[in-house]
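As structure tokens, the structure follows; a few thoughts come after it.
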Amino acid sequence: MIRLEKVSKVYARGARPALDRISMEVERGEFVFLVGASGSGKSTFLRLVLREERPTSGSVFVAGRDLSRISQWKVPYLRRQIGTVFQDFRLLNNKTVFDNVAIALQVIGKPRHHVMTTVPETLEMVGLAGKEKRLPHELSGGEQQRVAIARAFVNRPAILLADEPTGNLDPTTSVGIMRLLDRINRTGTTIVMATHDDEIVDQMRKRVVELVDGQMVRDQARGVYGAER
Ligand SMILES: Nc1ncnc2c1ncn2[C@@H]1O[C@H](COP(=O)(O)OP(=O)(O)OP(=O)(O)O)[C@@H](O)[C@H]1O
């Protein structure tokens, strides 16, 4: 579903690579944790998959397509297949919960009847039934992240990329968010999640890919956060 072939990314001439000859593949339906210290290259990895950045060398394939070969005007079509969730939720603060999720369908031209049925279904799935009319500031952090996940998933993307989705949440709330991501993964959605959250990684026992200074130093099935534990 996602394949990197000898991918390097150098942002500034002479700087050390943010990613250094990474080759790896994520199969359809997998759940992968991307771990590593701050600055190890996790966000760069996610940005390359979204084609927000281009590799300095090597190739990135998403759903069988070489991202260096798709033209700029087709990039939005690529991104329709990829939901994104971030640490800081990125909701529209003056829009209701319903509208925050609906917008993801409206911008890709889905008809009103589709929006009116799919948004409530998705809000129910993420545990927000009854909160459609709230504004983001009337929700807890965990609920705001659920809205962001609903928005990312409402179009049923093949891939969900999550960059520190539990970074602003307490441990109990984080567990709830992980249960939800696990459910989404079970629907067949491939998930790649960058995280520092060792407790979550240790609990979930999913594949763990570790980056150190842009190099992939570990790729472990049913892994833990730190290698030797
Ligand atoms: N737009 C940019 N321009 C220049 N350098 C960048 C840019 N984005 C990232 N870098 C550098 O690339 C390296 C990897 O950064 P990246 O954000 O991918 O790491 P990260 O593992 O996601 O870190 P964090 O956990 O802090 O988000 C760092 O040295 C960073 O300073």
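Miscellaneous remarks
- Positive-pole candidate from THR172, VAL7, LEU78, dipole of the chain, charges at beta carbon: LEU78
- Acute angle (nearest 10 degrees) that the helix 141-153 long axis makes with the longest principal axis of the chain, alpha-carbon atoms: 80
- Computed with the Debye formula from one identical point scatterer per Cα of the chain, without solvent, the log10 of I(q)/I(0) at q = 0.11 Å⁻¹ comes to -0.55.
- The GluC sites (Glu not before Pro) of region 177-229 meeting both criteria, a DSSP state outside H, G, I, E and B (loop) and at most 15 other C-beta atoms within 10 angstrom of the site's C-beta, are GLU228.
- Cα gyration tensor shape for region 91-156, rounded if a/c is under 1.5, else prolate or oblate: prolate
- Rounded to whole Hz, the Karplus (6.51, -1.76, 1.60) HN-Hα couplings of region 19-31, x for glycine and proline: 10, 10, 6, 8, 10, 6, 9, 10, 6, 4, x, 6, 10
- Nearest-ten-degree value, helix 171-186 long axis tilted from longest Cα axis of the chain: 90
- Sorted on the mean count of surrounding Cβ atoms within 10 Å across their residues, most packed first, peptides 144-156, 97-109, 120-132 read 144-156, 97-109, 120-132.
- Selection from SER59, GLY130, ALA152 lying farthest towards where the dipole of the chain points positive, charges on Cβ: SER59
- Across region 206-212, rounded Karplus estimates of 3J(HN,Hα) from the backbone phi angles (6.51 cos²θ - 1.76 cosθ + 1.60, θ = phi - 60°) give 10, 4, 10, 10, 10, 10, 10 Hz, Gly and Pro being marked x.
- Between 0 and 90°, nearest 10: helix 112-125 axis offset from the chain longest Cα axis: 70
- Region 1-50 and region 51-114 have Cα centres separated by 18 Å.
- Estimated distance in nm for a label pair at ARG186 and ARG65, the labels positioned 7 Å out from Cα along Cα-to-Cβ: 3.1
- When region 102-229 is reduced to its Cα atoms, the Kirkwood hydrodynamic radius in Å: 16.0
The numbers here are math on the coordinates, done by the rules we state, and not lab data. Computed from a predicted model, the values in this text were never measured in an experiment. In this analysis, Cβ positions are derived from the backbone assuming ideal geometry, glycine residues included, and neighbour counts consider all displayed protein chains.
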